[in-house]
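Accompanying notes for the structure given below.
The values are calculated or read from the model by the stated rules, or taken from the named source; none is laboratory data. Computed from a prediction, not measured in an experiment: that's the story for all the values here. Positions of Cβ are backbone-derived with ideal geometry, glycine not excepted, and every protein chain shown enters the neighbour counts.
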Amino acid sequence: MSSHMLSRLSVCTALALLGCSKSGDRERQDTADGPATAAAPQKPAPFDKGPVKIALVQYSGAGDYFEQWTKGARQQADSIGFEMQLHDAQADDAKQAADMKAAIASGVTGIIVDHGRSESLCPLINQATDGGIAVVVYDVKVLECAPKAVETKQNDADLAGLVLTQMAKDIGDGVPVGYVNPFVIAPLERRDVVWKKFVADHKWKQKFAVGKFSHEVAKDNAKLADRALKANPGVKAIFAPYDELTKGTVSAIEQNKLGTKVAAYGIDISNADIDVMTRKDSPWKATATTDPSAVGAAVTRTLALELSGQLGKKEVMFPGVLVTQSYLVENQIKNMGDLRAKLPELNLGTIASAPWIASIKF
C-alpha cells in the first residue's frame, strides 16, 4: 500500500473516530437532558423580523419597588426582542401626559404604561390604540375608559387582606391605629377599600390618615407620620400600603423612639425593605408582596402576547404572598435572592407566557 493511501486511511480513521465521539456525546446528552438539537419555537409576527420598538411610560421610577420593577421589565424586553425607550415622569401628571404623547409620536409598536391617573392617561391611551399601537397598563384603571388597552395589576384586595389579617391577629380589636395613604394611584385606592372594611370589622379607632405621593415618597411621608404620631399618642399600629410609605412610617416611629410600642404593616418588598424589617426592634412586622422584578417581566410578556395576537383577554392579575418579620428572621433571609429561594411562588414565569418566550428568572 502506498504512503499516499496510508495517509488517506489515517485521516478517514481519525474522522470516523471523531464522528463516533461526537455521536456518543450526543447520545449521552440526549439521554440526560433530552434532545440536544431541539429547535427553538418559531417567533410569531412581529418578532420574526428583528427588534420591535416599544416605550415604557412611567409615573415614577423612584424607590426600591419601581427600580426592581423596571429592571425586570427591561431584562424581559431584551430577552423577547423588544427595543425599549424609557420615560419617567417623576410623579408629575403633566410630564407623564407629555411622555405618552412623545411615545405615540415616536412610531413605537407598543407602549407599557406604569401607574398614573386614568383621567389624564385614558384619552392618550385611546389615541394610541385607535392608531394601531398596542397598550398594556400596570396599575391604572382603564377597563372602562380605554377598553382596547390591556390592564395588568397585582391582586390588591388579596395583598391588603393578607397583611391586615396579620395586623388584626397581632394587635386585636378596638385599638387606636394610624393610616398613611396618599390615594393617588389605583392600587392605593383598591387597598383603601379593604382597609375601611378591616377598621369597621375590628372596631379600630383611626386616629389619623396622612399621605403624599412624590418623587421622594419615603422622606416626605416620614415627616407627615412624625407629626401625626406626635399629635396622636397611644397609636398601636400603622398601615402604610406601599413600601416607600412603610419605610417613611418606620422612620417616623423610630424618630419618636416608639419602635417597640408602635407596629407598622406594609405592602411590597425589596432588599432594603428586608434590611429594615430584620433590624433589631424594627416596628415593621409584616408585608404582603409580589416580586416586583417578576411583575415587571410579566407585564412586558403581556405586551408581547398582545402584539402577537396570543393574549386573548383584557385583564391580567398577579398573586402575592404574606411575608412576616418573624419568617424573615427565622429563615435567616437577608435579601431578595434568599426570599425567592424560600418562596418560589414569587416567580411569575408561567403567567403571560408562551413557548416562544423565554421567561426571565430572578
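In segment 351-362, the residue that is surrounded by the fewest Cβ atoms within 10 Å (Cβ to Cβ) out of those that are more than 16 Å from Gly296 (Cβ to Cβ) and of a type outside the set (Gly, Ala, Ser) is Pro355.
Residue-wise test of (1) surrounded by fewer than 20 Cβ atoms within 10 Å (Cβ to Cβ); (2) out of contact with any Cys (no Cβ under 9 Å at 6 or more places or on another chain); (3) in contact (Cβ under 8 Å) with a residue 12 or more places away in the chain.
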residue: Tyr242; (1), (2), (3): no, yes, yes
residue: Thr260; (1), (2), (3): yes, yes, yes
residue: Asp273; (1), (2), (3): no, yes, yes
residue: Lys280; (1), (2), (3): yes, yes, no
residue: Gly296; (1), (2), (3): no, yes, yes
residue: Leu305; (1), (2), (3): no, yes, yes
residue: Pro319; (1), (2), (3): yes, yes, yes
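Scanning segment 338-356 for residues that are without any contact (Cβ under 8 Å) to a residue 12 or more places away in the chain and small (Gly, Ala, Ser) yields one hit, Ala341. Residues in segment 179-209 that are under 19 Å from Ala263 (Cα atoms) and out of contact with any Gly (no Cβ under 9 Å at 6 or more places or on another chain): Arg191, Asp192, Trp195, Lys196, Val199.
Scanning segment 326-344 for residues that are over 22 Å from Ala263 (Cα atoms) and among the charged types (D, E, K, R) gives Asp338, Arg340, Lys342. Taking the criterion of being part of a helix (DSSP H, G or I), touching a Lys or Arg at 6+ places or on another chain (Cβ under 9 Å) and of a type in the set (A, V, I, L, M, F, W, C), the only residue of segment 52-84 that qualifies is Ile80. Within segment 192-223, being in a helix (DSSP H, G or I), surrounded by 15 or more Cβ atoms within 10 Å (Cβ to Cβ) and β-branched (Val, Ile, Thr) holds for Val194, Val199, Val217. For segment 122-152, what are the residues that are touching a strand residue (DSSP E or B) at 6+ places or on another chain (Cβ under 6 Å), modelled with pLDDT of 95 or more and either charged (D, E, K, R) or outside any loop (DSSP other than H, G, I, E, B) (or both)? Ile125, Ala128, Thr129, Ala134, Val135, Val136, Val137, Tyr138, Val150, Glu151, Thr152 - these are the residues of segment 122-152 that are touching a strand residue (DSSP E or B) at 6+ places or on another chain (Cβ under 6 Å), modelled with pLDDT of 95 or more and either charged (D, E, K, R) or outside any loop (DSSP other than H, G, I, E, B) (or both). Kindly evaluate His115 against the criterion of being out of contact with any Leu (no Cβ under 6 Å at 6 or more places or on another chain), in contact (Cβ under 8 Å) with a residue 40 or more places away in the chain and assigned by TED's automatic domain parsing to the domain that holds Leu305. Answer is yes for this residue. When the criteria are applied in full, Ile269 fails the requirement of being under 20 Å from Ile54 (Cβ atoms) and touching a helix residue (DSSP H, G or I) at 6+ places or on another chain (Cβ under 9 Å).
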